[in-house]
1. Which strands (runs of 3 or more DSSP E) sit wholly inside the range B:86-191 and have at least 2 residues that are within 12 Å of chain A (Cβ to nearest Cβ) and buried (at least 23 other Cβ atoms within 10 Å of the Cβ)?
2. For residues in the range B:1-23 being part of a helix (DSSP H, G or I) and touching a helix residue (DSSP H, G or I) at 6+ places or on another chain (Cβ under 7 Å), which is nearest to B:Pro134 (Cα to Cα)?
3. What about B:Leu79, is it surrounded by 12 or more Cβ atoms within 10 Å (Cβ to Cβ), at the interface with chain A (Cβ under 7 Å from one of its Cβ atoms) and modelled with pLDDT of 95 or more?
4. Within the range A:95-150, take every residue that is in contact (Cβ under 8 Å) with a residue 60 or more places away in the chain, among the aromatic types (Phe, Trp, Tyr) and outside any loop (DSSP other than H, G, I, E, B) and give me the one that is farthest from A:Val166 (Cα to Cα).
5. May I ask you to list the residues in the range A:333-365 that are more than 8 Å from every other protein chain (Cβ to nearest Cβ) and either among the hydrophobic types (A, V, I, L, M, F, W, C) or more than 20 Å from A:Phe402 (Cβ to Cβ) (or both)?
6. With the checklist (1) of a type outside the set (A, V, I, L, M); (2) in a loop (DSSP other than H, G, I, E, B); (3) surrounded by fewer than 16 Cβ atoms within 10 Å (Cβ to Cβ) in hand, flag the one item B:Pro56 doesn't pass.
7. Any chance the range B:6-28 includes a residue that's more than 42 Å from the chain's Cα centre (by Cα), modelled with pLDDT under 95 and within 7 Å of chain A (Cβ to nearest Cβ)?
8. Identify all residues within the range A:233-262 that are touching a residue at least 24 places away in the same chain (Cβ under 8 Å) and not in a helix (DSSP H, G or I); write none if there are none.
Amino acid sequence: MSDEATAATGHEPDYLAQKGFRSWACTHDHKRIGVMYLIATHSFFLIGGILAMLLRLKLLTPGPALMSDHAYNVLFTLHGAMMIFLFIIPAIPSSLGNFFIPLLIGARDVAFPRLNLYSFWIFVVGIVITVASLLQPIDTGWTFYTPYSAQTASAVTALSCGMFLVGMSSILTGLNFIVTIHTMRAPGMTWYRMPLFIWGMYGTSVIQVLATPVIGITFVLLVAERLLGIGFFDPAKGGDPLLFQHFFWFYSHPVVYVMILPAMGIISEVIPVFARKPIFGYKAIAYSALAIGFIGFLVWGHHMFVSGMSTVASVIFSFLTFFVAVPTGIKIFNWIATLYRGSISLDSPMLYALAFIFLFIIGGLTGLFLGSLATDVHVTDTYFLVAHFHYTMMGGTIMGLFAGLHYWFPKITGRMLNEKWAKQAWLFIVVGFNVTFFPMFILGMQGMPRRFSQYPEKYQPLNILATVGSWILFAGIFIMFLNFVRSLRHGARAPDNPWQGLTLEWTVPSPPTVENFETIPTITDWPYGYGKKKRQAK
Amino acid sequence: MPESSALFGARASLVSGQVDAVFLFILAIAGFFFVLTQGLLIYFALRYRRKKGEPPAETPYITGNQTMEVIWMVIPSLLLVAIFAYGMFVFIKMTTPIPGATEVQVTASQFQWTFKYQDGRSAANELRLALDQPVKLIMTSRDVIHSLYIPDYRQKQDLVPGRYTYLWLVPKKTGTFDIYCAEYCGTGHSLMRATLIVMPLPEYDKWVQSERQKLKAGVQSPVERGKALFESSGCLGCHSVDGTPKVGPTLKGVFGRQVQLADGRTITADEEYLRESIVEPGEDLVKGFQAIMPPYQATLKDDDLAAVVAYLKSLK
């Protein structure tokens with residue numbers, strides 16, 4: 001395939017031309033590293049998804065049927081840990097970020113290509129250790145709360161080491177991207193001419209570098225407590241279990257913005273292209289990304305309103321939490337305003353982008369109930385919370401990722417996707433997602449706690465509905481991946497610029513050559529100049 | 001507020017209705033923005049849709065509008081402050097000590113609730129309160145973090161080892177209500193449930209009198225003493241006495257039972273087997289169960305141990 005592509009474009013060989021294990025394992029090419037991350041992270045998406053299907057199957061009945069309570073606890077822990085640490089956090093930054101940051105800013109590679117490769121292999125070693133911990137699978141929940149995680153017989157130590165390495169890889173990648181964005185932009189690409197995906201990736205990288213060390217240290221402390229008996233979190237030895245929660249959420253709250261900012265960046269790219277309109281309020285969207293990143297560091301306590309933290313602290317954290325909603329709201333309004341008087345084509349990337357906005361609005365608005373103190377006390381740690389974060393994480397980040405995958409598939413592979421399949425998959429995913437997760441809001445309002453392997457019978461009808469929804473959702477995801485795999489071979493050959501985009505990646509061949517750009521372009525305008533210029537642009 | 005709602009369940013405490021009011025207030029605001037944003041999203045996506053194969057129509061070059069951007073920054077901000085303030089107001093009400101409240105000590109352990117009243121009575125997995133009488137729960141955990149959650153009260157509070165946390169309750173409805181553990185605490189988490197029974201004051205007083213009389217009656221039989229020890233040691237967290245499967249084997253009719261062990265042997269559960277299973281539970285593990293029970297060598301001794309064994313023998 002790649003040989004023909006070379007002949008067709010007449011340029012130097014594309015980045016996929018070289019074959020063999022070594023050509024991948026030792027590559028410094030950001031595009032190949034991106035593709036390797038793409039495959040690694042999406043494998044865990046599929047495994048995590050299958051675990052979720054088993055969980056939903058178990059919850060079809062309220063009693064002890066199908067699997068033991070312990071097995072259920074292990075499954076929900078692995079589902080959460082894999083999805084969060086091995087999929088959602090690295091999925092967009094490490095795969096699409098790696099592939100497209102240099103292409104979007106007019107660079108030949110990232111600032112430190114060799115470090116980029118090391119980051120990937122550190123990630124792989126982390127995965128191997130994590131998988132090794134499955135010999136004695138952990139049952140702590142993905143939040144690893146002490147004292148339970150310090151006492152349970154499962155392989156918390158091994159998993160912590162794996163997570164430590166995955167985190168290290170994440171820090172190095174973030175650092176690499178920050179330097180790349182600062183120093184490698186093509187001549188003429190000022191900060192305000194950067195595509196918004198780059199702004200999103202910039203915000204994400206800063207959070208990764210600042211927050212990830214905290215979770216790394218927390219894992220070290222947890223291992224020290226388990227192996228050496230040092231009581232950082234053990235009240236009998238003068239420690240405090242709440243300290244662990246503060247450490248954990250100091251990382252794990254900002255990290256939800258690591259997940260969402262790149263997805264928002266993708267949406268900001270896709271909407272103008274398919275609406276043929278300039279993005280509405282460029283600066284507001286760019287600054288919102290930074291504001292979300294900054295305020296995100298100050299709200300971790302909203303996970304702990306019922307933990308025994310003082311009332312004063314709860315009130316302050318609740319107040320700050322509502323401020324994250326403001327920049328998020330601005331982005332939503334600006335995307336919708338971009339659609340106004342556009343010429344919208346509903347191709348699959350656009351459909352996923354619209355699904356992102358639709359689902360993320362629900363996720364965002366239900367966050368208000370969790371940010372408000374009185375209502376949080378009732379619905380926290382219930383299915384309401386489970387529904388809320390699936391709407392933001394899956395309805396948000398993963399829909400953004402899907403939009404990006406459909407948008408950039410032609411550029412990455414040189415092939416077009418089957419549009420009919422893509423739309424069918426989209427329909428299944430959107431319907432299945434809502435049937436699965438919307439009932440959980442009501443379950444939570446009625447008081448069903450999360451992480452219950454057996455539950456009171458009154459909650460069964462809505463659980464059956466959610467389980468049926470999960471089958472529809474699974475069918476959609478299956479069709480989508482089938483389309484990806486099938487199109488690699490049978491897809492129509494992709495032109496350089498199938499969507500008539502104005503960002504730089506569309507000026508190079510599909511798939512790009514090893515060096516990306518024959519000559520580095522000089523930038524004279526922002527990348528959103530769609531539509532008829534009546535007024536002077538910025 | 002009506003006494004119950006299809007969406008939330010019963011409103012059984014003083015604060016239930018107030019929390020629901022905050023919920024509905026947020027729901028109204030969220031509902032408005034939901035309809036506004038989703039409506040515009042769908043309307044624009046359909047109204048400005050391009051037909052298949054059609055070239056893009058001419059679109060206007062709009063890059064922003066400062067007035068509108070300021071409007072949709074300021075108005076939501078003000079509404080957010082209102083939501084925050086209302087939520088805080090009810091939260092503070094919920095967590096403010098009520099003078100003259102009766103105290104109940106709550107101890108959580110994997111996977112059992114123990115409620116201890118001021119006169120020394122205690123009960124496992126059952127809390128009885130009197131209608132309209134404010135109660136202060138003083139709570140702690142013996143092992144990992146748990147969370148006491150009464151959905152019909154809209155109240156929840158974590159129980160943390162090594163410290164006390166509090167919950168103030170004012171029952172406003174008689175009847176039976178569910179208590180769940182809302183913080184994941186291990187294998188038996190989902191079965192760590194208790195019952196809250198609320199009775200009118202006169203009935204409640206009568207119940208307390210009869211309980212006290214039982215307590216005062218003095219000399220307990222070994223079986224009665226064993227039952228009390230069984231409940232106060234947290235055994236009910238994992239072992240049922242009525243045949244329901246839990247984390248550990250049920251102890252209904254355990255005495256004399258043929259027990260299949262994890263190592264393949266089968267033995268008859270006699271007094272010695274029961275004694276050994278309490279002090280060294282890992283030794284003769286029952287087939288199909290995890291070795292997670294702690295040894296009770298240090299806690300249950302001599303007469304106490306004999307009393308518990310006597311109680312277990314009585315479970316027909």
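1. Values: elements: B:102-109, B:112-117, B:122-124, B:126-130, B:135-141, B:146-150, B:155-159, B:165-169, B:175-181.
Per the criteria, B:135-141, B:146-150, B:155-159, B:175-181.
2. Restricting attention to the range B:1-23, the residues satisfying the condition of being part of a helix (DSSP H, G or I) are B:16-23.
Then drop every residue that is not touching a helix residue (DSSP H, G or I) at 6+ places or on another chain (Cβ under 7 Å), which leaves B:16, B:18-19, B:22-23.
Details: B:Ser16: 14, B:Gln18: 17, B:Val19: 18, B:Val22: 22, B:Phe23: 24 Å.
Going through the qualifying residues, I end up with B:Ser16.
3. Details: surrounded by 12 or more Cβ atoms within 10 Å (Cβ to Cβ): yes; at the interface with chain A (Cβ under 7 Å from one of its Cβ atoms): no; modelled with pLDDT of 95 or more: yes.
No, not satisfied.
4. Going through the qualifying residues, I end up with A:Phe100.
5. Taking the range A:333-365 first, the residues more than 8 Å from every other protein chain (Cβ to nearest Cβ) are A:335, A:338, A:347-353, A:355-356, A:359-360, A:363-364.
Result: A:Trp335, A:Met350, A:Leu351, A:Ala353, A:Ala355, A:Phe356, A:Leu359, A:Phe360.
6. Result: B:Pro56 fails condition (3) only.
7. Of the range B:6-28, the ones more than 42 Å from the chain's Cα centre (by Cα) are none.
Scanning the range B:6-28 turns up no residue that is more than 42 Å from the chain's Cα centre (by Cα), modelled with pLDDT under 95 and within 7 Å of chain A (Cβ to nearest Cβ).
8. A:Phe233, A:Asp234, A:His253
The values are calculated or read from the model by the stated rules, or taken from the named source; none is laboratory data. This one's a predicted model, so the numbers in the text were calculated from it and none came from an experiment. Cβ sites come from the backbone with ideal geometry, for glycine too, and all protein chains shown count toward neighbours.
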